[in-house]
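Notes follow the structure.
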Amino acid sequence: LRRPVSLTEPDKLTDVSSRLRDDYGFYLIAHGLRDRIGQSAFFLGVDRLAQRRENIPVTTADLQSVFEETSGEDLSDFFDFWVHGGRFPKLTLSYAINERDDGQRDLLGCIESDIPFGSFDVPVSVEDGTGEVAALVDVDDGEGRFEVRGRGGDVEVTLDPSQQLVFRDTKVKAVGSMEDLRCVAQ
């Protein structure tokens with residue numbers, strides 16, 4: 001579980017079977033990347049790739065290039081962490097809620113990864129009586145931070161709500177105050 005499953009260097013430091021690597025690769029691209037860049041950019045990229053590389057093997061660089069083209073995003077971090085690195089991080093999301101004088105509540109959250117290097121985005125959802133706020137939170141060198149202001153009622157925080165990425169373990173926990181959050185204490 002602690003060994004990387006690099007899709008570009010499959011024999012490097014892993015004892016995971018090629019079938020599992022293939023399944024992981026398909027899942028990662030079909031779900032993780034599609035969720036990150038959106039349905040339209042994903043399927044437009046698949047179509048362009050099929051037209052350009054008909055009967056020609058597709059490389060990882062080809063995938064990255066066409067999906068960057070169709071999404072307009074730099075996907076280097078995604079490919080470096082998930083595809084080339086093949087990491088399975090353990091994530092802990094800690095959050096605190098601050099009650100304001102106007103009755104609204106502000107939420108501050110910290111995400112910690114047990115892999116202290118690299119960059120990736122992780123979807124986070126904050127839902128309460130006023131609706132849902134969802135966003136990708138950048139986790140850089142093992143730490144990420146997010147803030148949601150003006151919430152009301154009971155708050156539910158979910159890490160990777162659609163379960164689109166592959167984590168070794170995830171944990172979400174509320175802490176007593178904002179000062180108890182590691183990303184605030186630093």
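The values are calculated or read from the model by the stated rules, or taken from the named source; none is laboratory data. No experiment lies behind these values; they were computed from the predicted model shown. In this analysis, Cβ positions are derived from the backbone assuming ideal geometry, glycine residues included, and neighbour counts consider all displayed protein chains. The protein model used for the area step is the full one, side chains on, heavy atoms only, and it has no ligands, DNA or RNA in it. Shrake-Rupley method; radii C 1.70, N 1.55, O 1.52, S 1.80 Å.
Of all residues in segment 132-186, those being farther than 21 Å from Gly38 by Cα, touching a Ser or Thr at 6+ places or on another chain (Cβ under 9 Å), acidic (Asp, Glu) and not in a loop (DSSP other than H, G, I, E, B) number 5. Here Asp74 fulfils each of the conditions (1) closer than 30 Å to Arg149 by Cα; (2) open to solvent by 50 Å² or more (accessible area, probe 1.4 Å); (3) assigned to a helix (DSSP H, G or I); (4) at pLDDT 85 or above apart from (3).
The number of residues in segment 69-100 that are closer than 22 Å to Met178 by Cα, polar (S, T, N, Q) and touching a Gly at 6+ places or on another chain (Cβ under 9 Å) comes to 1. Just one of (1) buried (at least 20 other Cβ atoms within 10 Å of the Cβ); (2) closer than 19 Å to Ile37 by Cα; (3) touching a strand residue (DSSP E or B) at 6+ places or on another chain (Cβ under 7 Å); (4) among the hydrophobic types (A, V, I, L, M, F, W, C) fails for Ile111. It is (2). When you look at Arg21, is it crowded, with 18+ Cβ neighbours inside 10 Å and either at pLDDT 85 or above or closer than 15 Å to Trp82 by Cβ (or both), yes or no? Taking the combined requirement at face value, the residue does not satisfy it.
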